[in-house]
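Here is the structure we will look at.
The values are calculated or read from the model by the stated rules, or taken from the named source; none is laboratory data. On a predicted model such as this, the values are computed, not experimentally measured, just so you know. Don't worry about glycine lacking a Cβ; one is built from the backbone with ideal geometry, like all the others, and counts go over all protein chains shown. Just so you know, the surface numbers come from the protein's heavy atoms only, side chains and all, with ligands and any DNA or RNA stripped out. Shrake-Rupley method; radii C 1.70, N 1.55, O 1.52, S 1.80 Å.
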Amino acid sequence: MTAWICSPDTVRPDLVSRENGDSVQPSTVRCTAEAVTVFVATMVAVLAIMLPISFASLAASLHVDLLVFNVPRAMTGAAFVAVITAAVTVAIGSVRTARWTALLALVGILVNHLALIPDSTDGHLDGLSLPTLNFIDALLAGVVVGALAVAVWTEPLLRTVYLFGALGGTILGDLTQSPTDPKSGGFSGALGGTLPLWFIAASVLALAYFALTTSAPSRSNTETAIPLAPVFAAVVAFTSTIITALAVASHKTSATYLIIASIVAIATAVAAAMILSGRDGILVVLMSSFSVAGSLVITLPRSGWVDLATLAATAAGLLIGMRRPHPLAAAASVLALACFVLAAEVFAPPATLTAALGCLALGGVAGYCLGTSVPVSPRAEPSAWRSCSCRRSESP
């Protein structure tokens, strides 16, 4: 049985000969289908981190309070797991292992969501702990995010799709209202504040097909030591983030806590960046500063089309950043975003206009910062970003 897999160092799909008189080149179809699968699987994992697992028991105030306090901790745990999973799979050096790890974790997310069905038919959760299931959901999603990164990083097209799916899912999850107003448009109305079960199941089936039918390349490296610098940097950055956030939330009216938390956040971002090297450090600094400026942007009220336009702006910013990386320009764009927030506060334009422009700016600036600073695979040539190359290989 033969399989087609994307690779940056082989022939282009439009130069592959047609087989059996087919009018469509199998290589092109295979590359496109695999790219869509990576995108959907990444979106599912990121949205599982960003969105609560269920709103079935909103009538019970205890569940709501637990979710409010549990979701930030679950997101932090998912970030830790993603970094650790990526570090371990890099040390293993097997794309096959990374691919199957992502698939098994995605299956775990599906099972976790299926567990809610028999217990929530009456709109209440009786025997299940909603915060516990939400935490499990986030940790499994972190495994998917970390493993998929290793599985696709040596293939330029899939790496770009993965980055877009991860960043797009983060922004989309942040924009989604929870709980969702039934009259909401765009993705808020489609998601309903949580992931649809069919969306998760479709991603599992698609990723399972490619895991079973795609042969894995040989071991990419002989180094078996786990890279500890990213893990240590994650410990510094994530721990300080959750601690300072909880401190500020507990002392909302205290200017002292706010000033101290701001200084600590800046210091830890710089420290984490110094632990890493090259573009990794730049990525930490840019995305940390963007998260501060981006959290101030007003995103409501907005029309349904704004969500799609935001994803398009994210894709455009990501591609521009990859092709024309300028860290100083990325930092200037974050500063411009902060100035936009201040100007909107001073001049008070119509709320709908402010939300629309704010969402588009969020997507564009986030995409450009990520595209500018994302590390490039050692195997990828610069020209490989502009085309998908494929090779034919025999599956085991």
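Okay, here's what the table says:
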quantity	calculated
For Arg73, solvent-accessible area (1.4 Å; no DNA, RNA or ligand), Å²	100 Å²
Computed over segment 231-368: relative contact order in percent, which uses C-alpha pairs under 8 Å that are six or more apart	30 percent
Alpha-carbon Debye profile of segment 230-283, log10 I(q)/I(0) at 0.16, 0.24, 0.28, 0.30 Å⁻¹	-0.49, -0.83, -0.99, -1.08
Mean Cβ count within 10 Å, highest first, over the residues of peptides 158-167, 360-369	360-369, 158-167
For Trp305, solvent-accessible area (1.4 Å; no DNA, RNA or ligand), Å²	150 Å²
Of all accessible heavy-atom area on segment 204-355, the percent that carbon and sulfur account for (1.4 Å)	75 percent
Translational D in µm²/s for segment 253-298 (Stokes-Einstein at 4 °C, 1.567 mPa s, Kirkwood Rh from C-alpha pairs)	113 µm²/s
Size of segment 271-335 as Cα extents on the principal axes (Å, biggest first)	42, 27, 17
